[in-house]
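Here is the structure we will look at, set down as structure tokens.
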Amino acid sequence: MNLYLDLFCTFARIGGLTFGGGYAMLPILEKEVVENKGWCSEEDLTDYYAIGQCTPGVIAVNTATFVGEKKAGKPGGIVATLGVVAPSLVIITVIAAFLRNFADNPYVIHAFSGIRVAVTVLVLNTVIKLLKSNVLKKGLPTLILFCLVLAASFFLGISSIALVVAAMIWGLFFGLAIHKKEVSA
Amino acid sequence: MILLRLFFEFFKTGLFAIGGGLATLPFLREMSETTGWFTQTELLDMVAVSESTPGPIGVNMATYVGFTTAGIPGAVIATLGLITPSVIIVLIVAGFLKRFKDSKVVAAVFGGLRPASTALIAAVLLSLVVMNFWNQTLFDAQGLFAALKWKHLLLAGVIFAGTKVFKKWHPAIFLLAGAAAGIVFSL
């Protein structure tokens with residue numbers, strides 16, 4: 001299949017299967033983009049997700065642009081982004097035009113309650129995977145950083161942008177210090 | 001020239017709303033006041049629909065507002081307006097990253113970024129857990145046992161086991177199973 005068409009269709013599928021925020025997209029992205037297509041690595045996805053939180057715009061869109069760009073340059077980034085928004089355009093237009101009471105329908109409410117449980121489980125699996133590759137194998141300073149950011153975000157509600165910038169400075173400090181040690185040893 | 005105005009308003013939202021779909025909400029509230037395209041009550045309905053349909057919430061909101069304001073062309077223009085700034089910025093950042101991917105400084109920065117990103121996702125997970133399995137009102141009134149949503153927890157256990165046994169299955173199958181269980185057991 002033509003690469004651009006493949007990008008568009010794959011991201012349309014991902015957009016159509018994203019229930020909730022950008023985080024809900026991660027398990028699907030992992031399956032489609034990392035496992036099935038091999039367009040980027042899991043580390044790449046984590047990077048895109050973090051950068052997507054501090055660049056303007058919707059995270060799902062930012063991630064789609066990143067992956068598309070990596071695979072097929074600037075046109076790839078644009079095609080993947082159009083793919084990820086296509087299902088919303090169709091579904092929302094139909095609902096806005098014909099199903100004004102959609103969100104009040106008891107079946108819809110129950111179905112989404114169940115979907116949210118499934119999303120929680122899928123995100124749990126993603127977090128376990130990411131913990132193994134990005135945190136547990138990387139030594140004590142990394143583990144400490146993980147715990148600090150988790151606590152600051154969940155308990156103190158500090159903004160993601162502030163935390164990402166702080167983590168980059170931390171990484172710069174520790175990363176270069178470790179590198180210097182290796183060079184002098 | 002409502003289409004041009006729609007594009008511009010959503011371009012602004014896409015440029016300044018940082019950190020996920022619901023970050024667009026304050027901008028949309030302001031838009032409702034300054035343009036009169038939709039009321040605050042309509043906006044709440046749009047949030048409800050955007051949260052209970054597939055697709056990124058911010059994109060759903062833009063499509064909904066655009067459609068309400070100017071029909072199908074409005075839906076398309078508003079959505080394009082929302083995504084244009086972030087596409088431009090991400091393409092610039094991606095180009096920058098490619099150019100400096102071998103730099104030690106960039107590698108060190110990512111060494112801090114990855115665990116932090118993992119922690120942010122883990123924090124989202126914790127809030128999902130609280131939202132889906134915990135009832136604070138019942139906890140205040142009747143204590144721990146009543147506060148836990150047992151049906152939801154049981155479903156989560158079954159789905160988790162399913163993802164471990166059927167590792168090759170597409171995640172969408174588990175979402176579908178969740179939806180079916182939600183309807184059958186009135187979650």
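Exceeding 23 Å between C-alpha atoms, which entries from my cross-link table qualify? They are A:LYS74/A:LYS137; A:LYS138/B:LYS168; A:LYS132/B:LYS167.
A:LYS74/A:LYS137; A:LYS138/B:LYS168
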>> I'd like the per residue volume of the convex hull spanned by the Cα atoms of the protein assembly as shown, given in cubic angstrom.
In response: 152
> So how far, in whole Å, is the C-alpha centre of region B:152-179 from the one of region A:36-65?
Replying inline: 24
> Rounded to the nearest 20 Debye, what is the dipole magnitude of the protein assembly as shown about its Cα centre when Lys and Arg each give +1 and Asp and Glu each give -1 at the C-beta?
Replying inline: 1060
> Using a simple charge model, +1 on the beta-carbon of Lys and Arg, -1 on the beta-carbon of Asp and Glu, nothing else, what dipole does chain A show about its Cα centre, in debye to the nearest 20?
Replying inline: 200
>> Let me check against my output: what whole-number percent is the relative contact order of chain A, with C-alpha pairs under 8 Å and at least 6 apart?
In response: 23
> How much of the calculated P(r) for chain B lies past 28 Å, in percent of all Cα pairs?
Replying inline: 49
> How big is the Rg/Rh ratio for chain A, C-alpha atoms only, Rh by Kirkwood, two decimals?
Replying inline: 1.03
>> I'd like the chymotrypsin sites (Phe, Trp or Tyr not before Pro) in region A:81-185 restricted to DSSP loop residues with at most 10 other Cβ atoms within 10 Å, sorted by number.
In response: A:PHE155
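Tell me the trypsin sites (Lys or Arg not before Pro) within region A:1-103 that lie in a loop according to DSSP and have at most 11 other beta-carbon atoms within 10 Å.
Here the trypsin sites (Lys or Arg not before Pro) that fit, given the DSSP loop and packing criteria, are A:ARG100.
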> Points 7 angstrom from Cα along the Cβ direction at A:PHE155 and B:THR137: gap in nanometres?
Replying inline: 2.9
> Once you sort the root eigenvalues of the Cα gyration tensor of region B:134-187 as a ≥ b ≥ c, which label holds: rounded (a/c under 1.5), prolate (a/b larger than b/c) or oblate (the other case)?
Replying inline: prolate
> For A:LYS37, which aspartates and glutamates qualify as cross-link partners when the Cα separation must be under 13 Å and same-chain residues fewer than eight apart are set aside?
Replying inline: A:ASP6
> So which trypsin sites (Lys or Arg not before Pro) in region B:97-170 are both in a DSSP loop and have at most 12 other Cβ atoms within 10 Å of their Cβ?
Replying inline: B:LYS101, B:LYS167, B:LYS168
>> Cut-off under 17 Å on the C-alpha distance; same-chain residues fewer than 8 positions from A:LYS129 excluded. Which aspartates and glutamates are left, in chain and number order?
In response: A:GLU30, A:GLU32, A:GLU35, A:GLU42, A:GLU43, A:ASP44, A:ASP47
>> Using helices alone, I'd like the mean residue ellipticity at 222 nm for the protein assembly as shown: each DSSP H run of four-plus residues gives -39500 (n - 2.57), total over residue count, nearest 500.
In response: -26000 deg cm²/dmol
> Relative contact order, percent, of chain B when contacts are C-alpha pairs under 8 Å separated by at least 6 residues?
Replying inline: 16
>> Over 16 Å apart: what share of the alpha carbon pairs of region B:1-47 falls there, rounded to a whole percent?
In response: 38
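Each value in this text was obtained by applying a stated rule to the coordinates, not by laboratory testing. Please read all numbers here as calculations on a predicted model, not as lab measurements. Glycine gets a Cβ as well: all are built from the backbone with ideal geometry, and neighbour counts include every protein chain shown.
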